Amino acid sequence: MTIPSSRPSLYSLFFISSVVFTSFPLISEAQTNPVVNGLSYSFYSKTCPNLETIVRNHLKNVFMEDNAQAAALLVVFFHDCFVQGCDASLLLDGNPSERDNPRNRGIRDKVLQIIDDIRALSHKDCGRIVSCADITVLAARDAVFLSGGPDYAVPLGRRDSINFSFEEAYNLPLPYNITDVTLETFASKNFDVSDVVALAGAHTIGRAHCHTFYNRLSPLDPNMDKTLAEILNSTCPSTYSRNASDLDIRTPKRTKGLVEAFALNQTLFFEKFVDAFLKMSQLDVLMGDQGEIRAKCNVINDKKSIEMSFVDQIVQLTN
């Protein structure tokens, strides 16, 4: 693991895939961010007080065996929340399911199993009161922290959807979109330029395959930073190369200043990243009596599961 210095170069923070976040303390200011009515930072404090410990301890073991799953959990979080909200609809099986949409290509069964394993652990400890949607958010948050990023609280209380949308998954931004198109796509969800650049910084623990950006290398995009182009060309001699690199958001004028500011000020980057993460995690959430708490993350509850979930919730409320 390569650890950047306190003043990392621009490329070391955003463009070199081997660089990960350096450790950072709990950002308590995260709790000052707006919270959607119905969610709460203390949602499970009485009904499932060990939930966050269960999630983090399980992921520590997972990442010891395969740290690539940290990036995979972030992908699941983003791809779920961007399509009809943070409701775990991406986890549902179907014919076709959201995961079958070409925009969700690359989401593997292993990362879905990790989320369902955490669901099983939490339900064993607390009863069937924790949603797969909340677990997805907590797992993504801990993927950031356990990769050396900031630690921060997230509001909880989401419920799971009882449907999914193959078609709406086409609204996910393409990896090879130019920056203006990417910014417009995020703007439709009320994300500003700072949010987008901060979220893109998560790619320090993930990589993009050559075919997603090779069209900017051959022929060479005249707007691309020349040094970055040389790095990418050495990594990706052709569109079919099986190597991977990181994305370019420093070149465009609309994002260059923010990229430089974040690269030189890790505290600022982490603060903006947390803000954007919390905003993403509260997109179109289901709460209260909306949706359900799934017995298994990949299927909608049957009648027996619904009855058992209702009993679990009553038991927890009376304790």
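No lab work stands behind these numbers, since they all come straight from the coordinates. Remember, it's a predicted structure, so these values are computed and weren't measured experimentally. Note that we place each Cβ from the backbone using ideal geometry, even for glycine, and neighbour counts take in every protein chain shown.
Tell me the trypsin sites (Lys or Arg not before Pro) within segment 78-127 that lie in a loop according to DSSP and have at most 15 other beta-carbon atoms within 10 Å. Sparse-neighbourhood loop trypsin sites (Lys or Arg not before Pro): Arg105, Arg108. Given R0 = 25 Å, the distance between the Cβ atoms of Glu65 and Tyr176 translates into a calculated FRET efficiency of 0.20. Once you reduce segment 84-141 and segment 42-56 to the center of their Cα atoms, the two points are 18 Å from each other. Here segment 108-239 is assigned +1 on the Cβ of each Lys and Arg and -1 on the Cβ of each Asp and Glu. Its dipole about the Cα centre then comes out at about 340 debye. Rounded to the nearest whole angstrom, the semi-axes of the ellipsoid equivalent to segment 67-210, taken from the Cα gyration tensor as √(5λ), stand at 24, 19, 15, largest first.
Simple point charges give the picture: +1 on the Cβ of Lys and Arg, -1 on the Cβ of Asp and Glu, and for segment 57-152 a dipole about the Cα centre of about 80 debye. The simple spin-label model puts a point 7 Å past each Cα toward its Cβ; for Lys124 and Lys189 those points are separated by 3.3 nm. With both labels modelled 7 Å from their Cα along Cα-to-Cβ, the Asn265 to Gln113 distance reads 4.5 nm.
As a rough guide to protection, the peptides 137-150, 220-233 ranked by mean Cβ packing within 10 Å, highest first, stand as 137-150, 220-233. Extension gain for Met287 to Asn163 (0.36 nm times residue separation, less C-alpha to C-alpha distance): 43.1 nm.
Using a Förster distance of 22 Å, how high is the FRET efficiency between Thr53 and Lys296, based on the Cβ-Cβ distance and rounded to 0.05? Present the calculation step by step, with values, prior to reporting the outcome.
Values: r = 22 Å, r/R0 = 1.02.
Efficiency, rounded to the nearest 0.05: 0.45.
Taking 0.36 nm per residue of sequence separation and removing the Cα-Cα distance, the Asn37/Lys256 pair yields an extension gain of 75.3 nm. Ordered by the count of other Cβ atoms within 10 Å of each Cβ, fewest first, Asp289, Asp134 give Asp289, Asp134.
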